[in-house]
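The values are calculated or read from the model by the stated rules, or taken from the named source; none is laboratory data. Everything numeric in this text was worked out from a predicted model, so none of it was measured. Cβ atoms come from the backbone with ideal geometry, glycine included; neighbour counts cover every protein chain shown.
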Amino acid sequence: MEVEQEKPSLENVQARQQEKQREGEVVIVEEEEEQQQQVEEGEENANVLQFMDSMDAYLTLIHSLSSTLRQGWLELASARHSMGASRVNTVLLDHKFHPAATTLLVTQDEGKVDSMKQHFTLCKWASSGNEKCSLGEAKSGQDKLHPQLRHRASSQLYEEKTSSEYKASHEVDDQVQKERSKSLSVFGTLVSPKLRAAQLSFETALETLVEIANTRSAVLCAFDKVNKKLGGSKG
Amino acid sequence: MASRAQIPTSNSALIAMIADEDTVVGFLLAGVGNVDLRRKTNYLIVDSKTTVKQIEDAFKEFTAREDIAVVLISQYVANMIRFLVDSYNKPVPAILEIPSKDHPYDPAHDSVLSRVKYLFSAESVASGRR
């Protein structure tokens, strides 16, 4: 009699254990789903933030470009006023064969294999094989001339290295100045300083435009990601 | 891999311009001007005598050329061929709308902003323009 009473209690215990195990599994699955949802929400928030940041950068750059162009137009108008309208005219433009001195380097974003995001780099005054694709190239040699970096042990070697870099950066600057003068020579040998200032303003505008081009592709890329998520949530 | 279009990478791609005289002269001073062996230039100067057809043809030519990476177009000129500019969706060459001397930048007509505008309001882009 006692043995028969023990059997149902053992079965009950086993049944309860199985129930608890099932409940435990359900809880684990729910926790995993919750974690995955949190990760997805985090990714969505990151995409939206990236989109808003790139939009803000785009608008800021557009405003900067507007003010740079205004300055350039004003300087051009001053040059036309001092040199005469006939000397600053599109009639004087060179229609003989000549390659562009300022070009762009286009590369594909290497972040993702299937990314459609492209990257533009400005190469200013790149004719005659002298490419100045990075704005920091000419400055890097000058930065190393900082006197605090000199040590007695390698001072001579360091001085030789810095002087050669200094000469190289000077050569690059000279070449750039030659290209600038060549571009100005279309409007005559002696040009107004305002025309030179206009040239520099439009060079700055070009740099801003390249940044705008890169930011534009970032905006469209981020927009596509946000749009996909919205489309997925609606569907 | 063959089905997905590749972005052409280029070591020395050009910047094309469709803009007013002062803007074109300014950027030519910055060294952007290119004349090839057939005496074709990478710019079109838009004035009062320039027709919409000429602007359309220049836009189509510059966007079809493989050696051009960016097309700068004055916003007021882009408004004349808005349907062409908005229907263009290739990554390269990139179309950048710039302000002009007589027509300041208007964000309402920017093609990039008009594409993303609907995320900020309940109206669609098409209904916003009507």
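What do you reckon, is A:ALA213 at pLDDT below 85 and out of contact with any Cys (no Cβ under 8 Å at 6 or more places or on another chain)?
The answer is no for A:ALA213.
Could you please let me know if B:LYS60 is under 13 Å from the mean Cα position of the chain (by Cα), modelled with pLDDT under 95 and loosely packed, with under 14 Cβ neighbours inside 10 Å?
no
Need at least 1 residues that are in contact with a helix residue (DSSP H, G or I) (Cβ under 9 Å, 6 or more places away or on another chain) and more than 10 Å from chain A (Cβ to nearest Cβ) per element, so show me which strands (runs of 3 or more DSSP E) inside region B:31-130 make the cut, counting only ones lying wholly within it.
Details: elements: B:43-45, B:68-74, B:94-98.
Where strands (runs of 3 or more DSSP E) fall fully within region B:31-130 and carry at least 1 residues being in contact with a helix residue (DSSP H, G or I) (Cβ under 9 Å, 6 or more places away or on another chain) and more than 10 Å from chain A (Cβ to nearest Cβ), they are B:43-45, B:68-74.
Which of the residues spanning region A:39-72 are touching a Ser or Thr at 6+ places or on another chain (Cβ under 8 Å), under 30 Å from A:LEU190 (Cα atoms) and not β-branched (Val, Ile, Thr)?
Residues satisfying the conditions are A:LEU65, A:LEU69, A:GLN71, A:GLY72.
So which of B:ASP20, B:ASP47 is within 19 Å of B:ILE98 (Cα to Cα), of a type in the set (D, E, K, R) and touching a residue at least 40 places away in the same chain (Cβ under 8 Å)?
That would be B:ASP20, the only listed residue that is within 19 Å of B:ILE98 (Cα to Cα), of a type in the set (D, E, K, R) and touching a residue at least 40 places away in the same chain (Cβ under 8 Å).
Which of (1) more than 7 Å from every other protein chain (Cβ to nearest Cβ); (2) modelled with pLDDT of 85 or more is the odd one out, the single condition A:SER128 does not satisfy?
Checking A:SER128 against (1) more than 7 Å from every other protein chain (Cβ to nearest Cβ); (2) modelled with pLDDT of 85 or more, the one that fails is (2).
Cβ-Cβ under 8 Å, sequence separation 6+ or interchain: first residue in region A:35-53 and over 17 Å from A:ASP224 (Cβ atoms) and away from every other protein chain (no Cβ under 14 Å), partner part of a helix (DSSP H, G or I) and among the charged types (D, E, K, R). Which pairs?
Listed by first residue and then by second, the contacts come to nothing, as the list is empty.
Which ones in region A:184-235 are over 30 Å from A:ALA79 (Cβ atoms) and either outside any helix (DSSP H, G or I) or free of Cβ contacts under 8 Å to residues at least 60 places away in the same chain (or both)?
A:LEU220, A:ASP224, A:ASN227, A:LYS228, A:LEU230, A:GLY231, A:GLY232, A:SER233, A:LYS234, A:GLY235
Can you say whether A:VAL106 is buried (at least 16 other Cβ atoms within 10 Å of the Cβ) and either closer than 30 Å to A:SER217 by Cβ or modelled with pLDDT under 55 (or both), as far as the supplied structure shows?
yes
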